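**Q** Let me begin by handing over the structure; questions about it come next.
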Amino acid sequence: MEQLDKIPKVALVICAHPDDVDFGAAGTIAKWTAQGSKVTYCIVTDGAAGGFDRNVTRQEMAVLRESEQRCAAKMVGVDDVRFLGYSDGSLEVSMDLRKDISRVIRQVKPDLIICPSPERWWERLAASHPDHLAAGEASLYAIYPDARNPFAHVELLEKEGLEPWTVTEVLVMASPRMNVYVDVTDSFDDKIKALRCHASQHSDPDEMETRIRGWLSDFAKSQGMGEGKYIEAFQRVTIG
């Protein structure tokens, strides 16, 4: 893998659930925002199927998870968090979802998008939740061809005045084809602060932190980096 040093001026992160971005890319986001990047989050589902406390109603969980994601975003310098409100656990690639993501792309006008992988990662299957796969597939359809095509979802242009927008670079999270990495050693603590905001999802936050440290440290060692180093890895995709 090669090291990714590019700092986008404007970036959009699309993910299925509250906390997905924090597991996959919060260290990278913290590094970018510290250097002036404007980052927006687009959370596709309401997160209502998450958590471990059966005494919390699903409606309460959805409200709680939105609050937790806003808290986590602030920890890494993000204040623009958008929720599409699709049902957690039953996400499907639909024209409505493609249109809704295309709308956000045209509104935000990002230089770069981070999104989930539509491919299963067999070595770490939990990363390939069906909602992740669907969000990744719909995101890539929205990136190409929908958001750039004035004749796709014509109401976005004709009724909402949203001009087409072309994105040429994508970083795919949890991909079995990772080819770039970001050194997040200096922003790792911010990533952990963000993850700890998702208290409803972690019955043992210390164990969660230990697990994340192990994953990112192992990634770093695989690239010949020493102890105490952490990286986040992605599949970089360029689109003409």
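**Q** Quick test of your reading of the structure: residue 80 fulfils all but one of (1) surrounded by fewer than 16 Cβ atoms within 10 Å (Cβ to Cβ); (2) more than 16 Å from the chain's Cα centre (by Cα); (3) closer than 28 Å to residue 149 by Cα. Name the failing condition by number.
**A** Here residue 80 meets the rest and fails (2).
**Q** A follow-up question, please. Among the residues of the stretch 169-194 satisfying the criterion of being out of contact with any strand residue (DSSP E or B) (no Cβ under 9 Å at 6 or more places or on another chain), within 30 Å of residue 147 (Cβ to Cβ) and of a type outside the set (Asp, Glu), which is surrounded by the most Cβ atoms within 10 Å (Cβ to Cβ)?
**A** Among residues in the stretch 169-194 that are out of contact with any strand residue (DSSP E or B) (no Cβ under 9 Å at 6 or more places or on another chain), within 30 Å of residue 147 (Cβ to Cβ) and of a type outside the set (Asp, Glu), the one surrounded by the most Cβ atoms within 10 Å (Cβ to Cβ) is 194.
**Q** Tell me which of these residue 36 doesn't satisfy, since it passes every other one: (1) in contact (Cβ under 8 Å) with a residue 60 or more places away in the chain; (2) more than 23 Å from residue 142 (Cβ to Cβ); (3) surrounded by fewer than 24 Cβ atoms within 10 Å (Cβ to Cβ); (4) touching a Lys or Arg at 6+ places or on another chain (Cβ under 9 Å).
**A** (1)
**Q** Filter the stretch 195-220 down to residues that are assigned to a helix (DSSP H, G or I) and either of a type in the set (A, V, I, L, M, F, W, C) or surrounded by 13 or more Cβ atoms within 10 Å (Cβ to Cβ) (or both), then give me how many there are.
**A** 15
**Q** Further question: Which pairs turn up if I take residues in the stretch 61-88 that are of a type in the set (Phe, Trp, Tyr) and look for partners that are part of a loop (DSSP other than H, G, I, E, B) and surrounded by 21 or more Cβ atoms within 10 Å (Cβ to Cβ) with beta carbon separation below 6 Å, at least 6 apart in sequence or on another chain?
**A** Hits for this filter: zero, empty list.
**Q** Any residue at all in the stretch 156-179 that is at pLDDT 95 or above, among the basic types (Lys, Arg) and not in a loop (DSSP other than H, G, I, E, B)?
**A** No, there is no match, as no residue in the stretch 156-179 is at pLDDT 95 or above, among the basic types (Lys, Arg) and not in a loop (DSSP other than H, G, I, E, B).
The values are calculated or read from the model by the stated rules, or taken from the named source; none is laboratory data. The shown structure was predicted, so the numbers you read here are calculated from the model rather than taken from an experiment. Please note: Cβ atoms are built from the backbone with ideal geometry, for glycine as well, and neighbour counts cover all protein chains shown.
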